[in-house]
Amino acid sequence: MNNAITTIAFDADDTLWINEPYFQEAERKFCILLENFLPQHSVSQELFKTEMQNLPLYGYGVKGFMLSMIETISRVSENTASLELINKTLEIGKKLLQKPVELFDGVTETLDQLKGSYKLVIATKGDLLDQERKLKNSGLQDYFHHIEIMSDKKESDYRKLLKHLDCQPENFLMLGNSIKSDILPVLEIGGFAAHIPYHITWSHEQHEHHLEHDRFIELKNMKEVISYLDTKNIF
């Protein structure tokens, strides 16, 4: 099975570049705006509840987050919130859409070493326009054979991606920071998956159970994938 991997896919947010800290900063500002109605921790809980209810409708990303903030304002304030409060919330969302793209250490060097030897792909969730903006500003677009902005990351979504790439699961490696979205579905369809942990994870993506699997790889950082590909017999 040497050299079985032909295609490597990367999650983007909190794998290639920083994302979740910006969302948490925006949420803190939002909770402060509503502290006249509820304590900040309660506002945070209400916002998360709204986000989970809205995921099937809006999907992932900043725009769905903004709509959920506005809906939360309406519910928490019992429709008494001012237009000024709505406008301040919209401003929080717009600033989130304008955050700089900050790559993690080792990303460019790793892609430099992998390009040419593997077909490289981005497979990430989020808002289409926002992810396209971040990819453009990252300067990484030329490394990738294909960019897939996914509405979700379930087994069926990965099967669809592999069919498009004309890639068998045993030839596919997914790298990402979310066990729930980047690792488990890929293992279930027969692919390889490498977890690159990030110290901040959105509540919806958290996975508490220890994972052991013969196709699961635990890395400390992006650069470690190079030595793993070079030394492990399964590749």
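The table for this structure:
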| quantity | calculated |
| --- | --- |
| Hits in the range 55-82 - residues which are surrounded by fewer than 20 Cβ atoms within 10 Å (Cβ to Cβ), among the hydroxyl-bearing types (Ser, Thr, Tyr) and assigned to a loop (DSSP other than H, G, I, E, B) | Ser77, Thr80, Ser82 |
| In the range 163-195, residue most open to solvent (accessible area, probe 1.4 Å) [restricted to those that are in a helix (DSSP H, G or I) and farther than 18 Å from Phe216 by Cβ] | Lys163 |
| Subset of the range 36-48 that is assigned to a helix (DSSP H, G or I), free of Cβ contacts under 8 Å to residues at least 12 places away in the same chain and of a type outside the set (Gly, Ala, Ser) - its residue that is nearest to Ser74 (Cα to Cα) | Gln45 |
| Positions within the range 51-92 being touching a residue at least 24 places away in the same chain (Cβ under 8 Å), among the hydroxyl-bearing types (Ser, Thr, Tyr) and farther than 26 Å from Arg133 by Cα, in sequence order | Thr72, Ser77 |
| Contacts under 6 angstrom Cβ, first residue in the range 101-113 being under 9 Å from Trp17 (Cα atoms) and in contact (Cβ under 8 Å) with a residue 60 or more places away in the chain, partner open to solvent by 10 Å² or more (accessible area, probe 1.4 Å) and assigned to a helix (DSSP H, G or I), 6 or more apart | Val101/Lys134; Val101/Asn137; Val101/Ser138 |
| Which numbered condition Val225 fails, given (1) modelled with pLDDT under 90; (2) under 16 Å from Phe10 (Cα atoms) | (1) |
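The values are calculated or read from the model by the stated rules, or taken from the named source; none is laboratory data. Here the structure is a predicted model, which means the values were calculated and not measured. For neighbour counting, all protein chains shown are included, and Cβ atoms are generated from backbone atoms with ideal geometry for every residue, glycine included. Accessible surface is based on the protein model in full, side chains and every heavy atom, while ligands, DNA and RNA are left aside. Shrake-Rupley method; radii C 1.70, N 1.55, O 1.52, S 1.80 Å.
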